[in-house]
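The values are calculated or read from the model by the stated rules, or taken from the named source; none is laboratory data. Just so it is clear, the model here is predicted, and its values are computed rather than measured. Glycine gets a Cβ as well: all are built from the backbone with ideal geometry, and neighbour counts include every protein chain shown. Surface accessibility is based on the protein's heavy atoms, side chains included, excluding ligands, DNA and RNA. Shrake-Rupley method; radii C 1.70, N 1.55, O 1.52, S 1.80 Å.
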Amino acid sequence: MEITTENFSEILNAGKPVVVDFWATWCGPCRKVAPVIEELAEEYKDRVIVGKVDVEEQDDLAFQFGIRNIPTVLFLKDGKVVDKIVGATVKAAYEEKIKAML
């Protein structure tokens, strides 16, 4: 799911934890993380909203969350950032953060 400034508040108010992957098309590590994020989105689709923010197109959201490095994955619960991972890592690390929110 693509997250934009237009749909962000609606996503936050959906009543589920949210995982947001901040990325860019030119970012090599972002492309490495993308399949993992897609797998997690499918595996947790009933319990968690997983989306992506292209920092080039949605710089307001990147600025709002102080994103300085990509990939950065934020974990939000009740509209607040509860955890984050900066840089590429293994699927288990993302999964651990998701499970902690459930």
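Remark: pairs (first residue in the stretch 86-102, farther than 17 Å from Leu76 by Cβ; second residue of a type in the set (D, E, K, R) and open to solvent by 40 Å² or more (accessible area, probe 1.4 Å); Cβ separation under 9 Å; 6+ apart in sequence or on different chains) = Ala88/Lys32; Lys91/Glu39.
In the stretch 9-18, the condition of being under 16 Å from Ala100 (Cα atoms) and basic (Lys, Arg) is met by at least one residue.
Quick grid of which residues meet (1) among the acidic types (Asp, Glu); (2) more than 11 Å from the chain's Cα centre (by Cα):
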residue	(1), (2)
Asp59	yes, yes
Phe63	no, yes
Thr72	no, no
Lys91	no, yes
Leu102	no, yes
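Across the stretch 64-99, what is the total count of residues that are of a type in the set (A, V, I, L, M, F, W, C) and out of contact with any strand residue (DSSP E or B) (no Cβ under 7 Å at 6 or more places or on another chain)? Break it down stepwise before answering.
Residues of the stretch 64-99 that are of a type in the set (A, V, I, L, M, F, W, C), as a first pass: 65, 67, 70, 73-76, 81-82, 85-86, 88, 90, 92-93, 98.
If we keep only those that are out of contact with any strand residue (DSSP E or B) (no Cβ under 7 Å at 6 or more places or on another chain) as well, we get 88, 90, 92.
Counting residues in the stretch 64-99 that are of a type in the set (A, V, I, L, M, F, W, C) and out of contact with any strand residue (DSSP E or B) (no Cβ under 7 Å at 6 or more places or on another chain) gives 3.
Taking the numbered list (1) in contact (Cβ under 8 Å) with a residue 40 or more places away in the chain; (2) touching a Cys at 6+ places or on another chain (Cβ under 9 Å); (3) not small (Gly, Ala, Ser) in turn, Val55 passes all entries but (1). Inclusion of Glu6 among residues that are among the charged types (D, E, K, R), in a helix (DSSP H, G or I) and at pLDDT 95 or above is not warranted. Here Asn69 passes the criteria (1) outside any strand (DSSP E or B); (2) under 20 Å from Lys45 (Cα atoms); (3) open to solvent by 80 Å² or more (accessible area, probe 1.4 Å) except the one numbered (2).
From the set of residues in the stretch 15-31 that are more than 13 Å from Pro71 (Cα to Cα) and open to solvent by less than 60 Å² (accessible area, probe 1.4 Å), which is nearest to the chain's Cα centre (by Cα)?
Checking each candidate, the answer is Val18.
You will find that of Ala88, Ala62, Ala14, the residue that is part of a helix (DSSP H, G or I) and either among the aliphatic types (A, V, I, L, M) or at positive phi (or both) is Ala62 and no other.
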